[in-house]
Every structure is written in structure tokens, then in C-alpha cells.
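See below for the structure under consideration.
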Amino acid sequence: MTEQIPRPPYSLRTRLLLWLLVPLVAIGLLALFDSYRSARETADEIADRVLAGSALAIAERIFVNDDGLLEVDIPYVALEMLTSSEEDRVFYRIEGGGSEFITGYRQLSVPEEFDRSERNLRFADGRFREAPIRMAVLNDAAASDTISLAYRVIIAETTNARNKMARDILLRSALRQGLLIITAAFIVWFAVTRSLRPLYRLQEAVGRRSPDDLRPIEHRVPGEVSGLVATINDLVRRFGSSISTLRNFTSNASHQLRTPLTVMRTQLELASRAKTDAARDAALRETDNAIGEAERVLSQLLLLARIDSTAQKGLASHRCDIATISREICEDLIAGSLPADIDLGYDGPAPVEIAGDEVLTRELMRNVIDNAIVHGGRPIEITVRVRVQGQQVAVEVEDNGAGIDPDQFDTVLNRFQRGTGGSEGSGLGLAIAKEIVELFGGSLALDTPAKHSGLLVRMLFRTS
């Protein structure tokens with residue numbers, strides 16, 4: 001199985017900067033594009049006014065001479081106003097109404113879609129002598145006392161000055177946008193750094209704690225992190241509770257195992273020193289009893305571990321036949337080495353299903369019955385009953401033995417807790433039974449039988 005390599009941690013500051021700056025840069029680029037378009041429109045509008053003024057100035061000097069022909073006297077100021085620091089070149093052409101050339105640059109032409117019959121002033125882009133130009137085309141007419149002749153004035157200039165004006169406007173806009181983005185990045189970096197300080201202080205405070213310090217985190221943190229801190233505190237609380245439970249369990253388990261081991265060691269030493277066969281046999285019997293007690297305690301401890309691990313899993317889909325399980329356990333005990341002064345019986349139908357795990361249900365019933373056998377005294381009658389009560393199944397284990405003081409019913413249902421009087425034990429049997437029943441979603445209660453003394457263990461299970 002390939003080991004999964006953990007992903008490296010990421011920077012919250014870097015992510016915030018990216019999430020802010022990437023859209024901001026995109027918006028800035030769109031703004032620059034719009035600024036460039038506006039700059040071109042502004043430059044064209046300003047330059048077109050000058051170009052139109054030059055065309056109108058030339059048009060004012062066009063007249064009909066005595067021969068009935070168009071004549072023009074190009075004013076110097078009409079071309080001078082188009083000069084610029086960018087050394088733009090100026091071209092012009094004046095033609096009559098029939099496209100007859102009058103003066104200027106013969107190769108300078110206008111787009112074919114321009115209507116010659118309309119008297120107007122229009123602008124167009126083109127190329128002349130391999131250079132981009134902007135031209136103004138004026139259609140008008142000159143008149144004398146006897147005749148009116150149409151003419152067209154075409155005046156054009158290269159676009160160096162226009163492009164420079166647009167670039168200057170774009171550059172100023174780009175500088176403003178860049179300054180805005182850099183300022184925003186610095187502000188975000190500073191704000192995020194200040195905002196993350198409580199988390200750094202929290203990290204330092206937690207880092208200074210010892211492994212045994214499981215107190216809740218009570219440092220003041222931002223509201224966005226308070227839920228995380230509350231979750232961590234709950235986790236630490238449950239972790240501390242688990243550690244405390246484990247320590248208590250380990251301490252009690254070691255104590256419960258130490259007692260039979262001590263008895264075994266003692267009895268074995270007595271057997272080795274025994275001077276008679278009877279004394280040696282008695283010591284060996286006590287050793288065997290201690291071994292049996294150790295086996296029972298170990299079995300219960302392992303069952304507790306199974307309960308703790310199973311508690312994290314859903315058992316809603318598990319089902320088992322508790323009537324058959326109870327009857328089989330009774331039959332096994334009766335067929336085994338059950339003493340003659342113990343009367344064990346079963347009363348109930350079969351089958352009866354409940355919601356629960358079959359293995360744990362067997363351990364549950366064996367623990368409750370064993371508890372009555374071991375602690376009930378002699379002689380004793382034990383009856384196991386199974387009854388269906390609507391949506392629940394009631395299972396009772398009743399005996400007429402020594403019983404338990406009603407004031408101690410709640411005590412003996414806790415782990416490693418024994419009632420006063422009666423025989424000694426590990427204090428796990430009824431506690432295990434209660435935890436298993438509750439794991440199945442049921443309940444367990446202790447009572448005193450109505451007809452006689454003893455103990456009644458009543459368990460209720462869900463049927464679905």
C-alpha cells in the first residue's frame with residue numbers, strides 16, 4: 001500500500017493576497033484597456049478639430065475665376081496649424097466635382113463609399129506612402145455671379161502625435177493603477193499580519209503547555225476562529241476524559257489481576273512446602289480457583305475493550321435472536337459442571353430478534369447469569385425469562401439468592417464497583433451488561449423480586 005505524502009501547509013496571507021490582487025489586476029487591465037480606448041477617442045477628437053479647421057481654412061480660399069474654373073490660394077496657416085513636435089507629415093488634395101485634380105498630392109485618395117453629392121465634412125483612416133494617416137474630407141461648392149462649382153478638399157496627416165497623446169494618457173493611467181494595486185497589496189499584507197497575531201499568540205500559548213495540561217483554551221481569538229477553538233476544546237475535553245478513563249481502567253485492571261496472581265503465587269509456595277498430600281492438594285485447588293478467577297477477569301477486561309471500540313460503530317443494522325442465545329447459554333451451563341445446588345431454568349419463546357450484535361449479546365447474557373451464579377450464594381434458583389412487549393423485548397434474570405441492598409443498585413452498575421456483603425468479585429459483570437444494553441439502545445435496571453429475596457436484572461431491547 002503506497003504511503004500518502006501529506007500536502008505541505010499553505011499560507012493564509014498568500015491566499016488572501018492572491019484572491020484580492022488577481023481580480024484587482026484583472027480589473028486594472030480592463031480599466032487600462034478602457035483608458036486606452038478613451039485616450040484614442042480623446043486624441044482623435046482633439047486632432048480632428050485641428051484637421052477640420054485646416055480643411056475649412058483651405059475651403060475659404062477656393063473660388064471661381066473669370067474663366068469659370070476653380071482656383072485655390074493655399075493659405076500657409078492652414079498647413080502650419082497641423083505641425084507638431086512629432087514631425088507629422090501633412091498631405092492635401094483639392095479636386096473638382098468631377099474628380100478632376102486641381103492641386104496637392106495626386107495619389108491621395110479617399111474611400112469609395114464617401115458620397116460626393118452631399119455637402120459635408122467627414123473623417124476617415126487610411127494609409128499613404130506606407131504610413132497610417134487620418135484624413136478630413138470636405139465636400140462643398142464655390143460660386144460666382146453666374147456659376148456654382150462643386151469641389152472636394154482632402155487634407156491628411158500622419159498619426160504620430162495622436163499615438164503619442166494616447167500613449168501618454170495610457171501611461172498615466174497605468175501608473176495610477178499600478179500604484180493602487182501596490183498600495184492595496186501592502187494594506188492587505190499589513191491587515192492580514194495584524195489580524196493573524198491572535199493566532200500566533202494562541203500557537204505560542206499552546207506550544208508552551210506540557211503534555212499533561214489539558215485545560216480549555218481561553219485566549220481571546222477572532223470570531224471566525226472561535227468555532228474552531230470551541231471544537232478543539234471539546235476534543236481536548238473528550239481526550240482528557242478518555243485518558244482519565246484509561247488511567248482508571250488500567251489502575252483497576254492491574255489491581256484486579258494482581259489479586260488472583262498473588263493468590264496463585266502464595267498457594268504454589270504453600271504447595272511446595274506442604275508436608276502432606278492433603279495440604280498440597282488443598283493449595284493446588286486454591287491455585288486452580290485463582291487461575292479461574294484470573295481467566296474470568298481477563299475475559300471481562302477484553303470484553304470491555306471490545307465494547308469501547310464498538311461504541312464508535314453503528315449497530316443499528318445488526319440483529320440477533322436473543323431468545324435462542326439465552327436458551328443455548330442455559331443449556332450449556334446445565335450440561336456442564338453446574339453445581340447441584342444451583343437450579344437454572346429458561347422461560348420464553350423462540351425466536352425473538354432484537355437490534356444488537358450477536359457476539360456482544362452472548363457475552364451480555366453470560367455475564368448476567370454468571371453474576372447470579374457467583375454472587376447469589378447457595379442454594380439458589382435462577383430463572384431467565386424473555387418476553388415481547390410491543391416494540392420492545394424484555395429479558396429478565398431473576399434469582400432468590402443473597403441479593404443486593406437497593407441503596408447500592410446504582411453503585412454496582414459502575415465499573416469496578418462492588419456491593420457490600422456477599423462474595424468478592426471484580427465489579428465488572430453488571431457494569432459490562434449495562435454498557436452493552438445501552439450500546440444497543442436499550443436499558444438495564446436492578447430490582448428486588450416481589451415474591452422472595454434476591455436480585456432481578458431487567459433488560460429492555462429494541463426490536464428495530
Checklist outcome for this item: At the level of C-alpha centres, the distance separating the range 430-453 and the range 362-390, in angstrom, is 10 Å
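When only Cα pairs under 8 Å and 6 or more residues apart are kept, what is the percent relative contact order across the chain?
9 percent
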Checklist entry - Around P379, with a cut-off of 13 angstrom between Cβ atoms, what is the net charge of the other residues, counting Lys and Arg +1 and Asp and Glu -1? => result -3
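Leaving ligands and nucleic acids out of the surface, order S144, S326 by accessible area at 1.4 Å, largest first.
Output order, biggest surface exposure first: S144, S326.
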Next on the checklist: What's the ranking of 184-190, 362-368, 221-227 by average number of surrounding C-beta atoms within 10 Å, highest first?
Outcome noted: 362-368, 184-190, 221-227
Item to check | the chain: translational diffusion in µm²/s, Stokes-Einstein, Kirkwood Rh over Cα pairs, 20 °C, 1.002 mPa s | outcome: 64 µm²/s
Checklist outcome for this item: The distance between the Cα centres of the range 22-49 and the range 257-285, in whole Å, is 104 Å
Checklist entry - For helix 358-375, what angle does its Cα long axis make with the longest principal axis of the chain, in degrees from 0 to 90 and rounded to 10? => result 30 degrees
Checklist entry - Can you give the accessible area per residue of the chain, in Å², using a 1.4 Å probe? => result 61 Å²
Checklist outcome for this item: Mean separation of Cα contacts under 8 Å (at least 6 apart) over the residue count of the range 329-464, i.e. the relative contact order in percent, is 27 percent
Checklist entry - Using θ = phi - 60° and the Karplus curve 6.51 cos²θ - 1.76 cosθ + 1.60, what whole-Hz ³J(HN,Hα) does each residue of the range 167-182 get, with Gly and Pro shown as x? => result 5, 4, 5, 5, 4, 5, 5, 5, 5, 5, 5, x, 4, 5, 5, 5
Checklist entry - How much accessible surface area, in Å² rounded to 10, belongs to the heavy atoms of T411 with a 1.4 Å probe? => result 50 Å²
Checklist entry - Helix 12-59 versus the longest principal axis of the chain: what angle, 0 to 90°, nearest 10, using Cα atoms? => result 10 degrees
Item to check | Theoretical gain in end-to-end length, D140 to L284 [0.36 nm per residue, Cα-Cα removed] | outcome: 38.1 nm
Checklist entry - Going from most exposed to least, what order do E328, E113, E286, E396 have by accessible area with a 1.4 Å probe? => result E113, E286, E328, E396
Checklist entry - Per-residue HN-Hα couplings for the range 184-192, Karplus 6.51 cos²θ - 1.76 cosθ + 1.60 at θ = phi - 60°, whole Hz, x for Gly and Pro? => result 4, 4, 5, 5, 5, 4, 5, 5, 5
Next on the checklist: Need the full-extension length gain, L18 to E60, defined as separation in residues times 0.36 nm minus the C-alpha distance. One decimal, nm.
Outcome noted: 8.9 nm
Checklist entry - In whole percent, what relative contact order does the range 366-407 give with Cα contacts below 8 Å and a gap of six or more residues? => result 40 percent
Checklist entry - Relative to the compact globular guide of 2.2 N^0.38 Å, what is the alpha carbon radius of gyration of the range 147-291, as a ratio? => result 3.00
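Computed FRET efficiency, Cβ-Cβ of S11 and R215, R0 41 Å: what is it to the nearest 0.05? Write down the numbers at each step before the final one.
Working: r = 30 Å, r/R0 = 0.73.
Computed FRET efficiency for S11 and R215 comes out at 0.85.
Taking 0.36 nm per residue of sequence separation and subtracting the Cα-Cα distance, how much length would be gained by fully extending the chain between I46 and R201, in nm to one decimal?
49.7 nm
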Item to check | Rounded FRET efficiency, nearest 0.05, which uses the C-beta distance separating I181 from E100 and R0 of 45 Å | outcome: 0.15
Checklist entry - Can you list the residues of the range 213-231 with backbone N under 20 Å from a point 7 Å past the Cα of R247, pointing along Cα to Cβ? => result 213-217
Next on the checklist: Quick check: the angle from helix 429-439's long axis to the longest principal axis of the chain, C-alpha only, nearest 10 degrees?
Outcome noted: 30 degrees
Next on the checklist: Within the chain, what whole-number % of the accessible surface is contributed by carbon and sulfur, with the 1.4 Å probe and all protein chains included in the calculation?
Outcome noted: 54 percent
Checklist entry - H452 accessible area, nearest 10 Å², 1.4 Å probe? => result 70 Å²
Next on the checklist: Suppose accessible area is computed on protein heavy atoms with a 1.4 Å probe; arrange T146, T287 from highest to lowest.
Outcome noted: T146, T287
Item to check | Nearby aspartates and glutamates by direct alpha-carbon distance to K451 (threshold 19 angstrom, same-chain neighbours under 8 apart not counted) | outcome: D343, D347, E381, E396, E398, D399, D405
Item to check | In order through the range 142-155: 3J(HN,Hα) via Karplus (6.51 cos²θ - 1.76 cosθ + 1.60), integer Hz, x for Gly, Pro | outcome: 10, 10, 10, 5, 10, 8, 10, 10, 6, 8, 9, 10, 10, 10
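The values are calculated or read from the model by the stated rules, or taken from the named source; none is laboratory data. Note that the coordinates shown come from a computational prediction; the quantities given were computed from them, not determined experimentally. Please note: Cβ atoms are built from the backbone with ideal geometry, for glycine as well, and neighbour counts cover all protein chains shown. Each accessible area value is taken on the protein alone, full model and side chains, heavy atoms only, with ligands, DNA and RNA left out. Shrake-Rupley method; radii C 1.70, N 1.55, O 1.52, S 1.80 Å.
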